[in-house]
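Before any comments, here is the structure.
The values are calculated or read from the model by the stated rules, or taken from the named source; none is laboratory data. No experiment lies behind these values; they were computed from the predicted model shown. With ideal geometry, Cβ positions are generated from the backbone for all residues, glycine too; neighbour counts draw on all protein chains shown. What goes into the accessible areas is simple: the full protein's heavy atoms, side chains included, and nothing from ligands, DNA or RNA. Shrake-Rupley method; radii C 1.70, N 1.55, O 1.52, S 1.80 Å.
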Amino acid sequence: MIVRIMGEGQVSLADGHLAELNKLDDELLAEMENGDGPGFRRTLQALLTRVRDLGDPLPDDSLEPSELILPSSDATLEEVRELLSDDGLIPG
């Protein structure tokens, strides 16, 4: 799976990591629903860090279609809300 982090680039991520990332996504969604700004910021950072750690960066000149687009690390709660689907940021 090709994942784009807005403002950073793309990584190739094995589908086997989605379950772990979905747990963080669920936490992020709950924090957003509860208006927990500090929790939201912490969990967003954790989610992006895991994607970076687990994924293999694609070259900067590579333009693969992204199957998943994640917000930048400085995205606001409102900006992330706009990216959400019924499943959160990560489908499944």
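Here are the numbers for the structure shown:
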{"read-out": "Enumerated strands (runs of 3 or more DSSP E) restricted to the chain, each holding at least 1 residues that are of a type in the set (Phe, Trp, Tyr), in contact with a Pro (Cβ under 8 Å, 6 or more places away or on another chain) and touching a residue at least 40 places away in the same chain (Cβ under 8 Å)", "value": "none"}
{"read-out": "Single condition Asn22 does not satisfy, out of (1) out of contact with any helix residue (DSSP H, G or I) (no Cβ under 8 Å at 6 or more places or on another chain); (2) within 13 Å of Pro91 (Cα to Cα); (3) open to solvent by 30 Å² or more (accessible area, probe 1.4 Å)", "value": "(3)"}
{"read-out": "Conditions (1) within 14 Å of Ser12 (Cβ to Cβ); (2) within 12 Å of the chain's Cα centre (by Cα); number of the one not met by Ala75", "value": "(1)"}
{"read-out": "Filtered residue count, region 71-92, keeping only those that are of a type in the set (D, E, K, R) and at pLDDT below 80", "value": "2"}
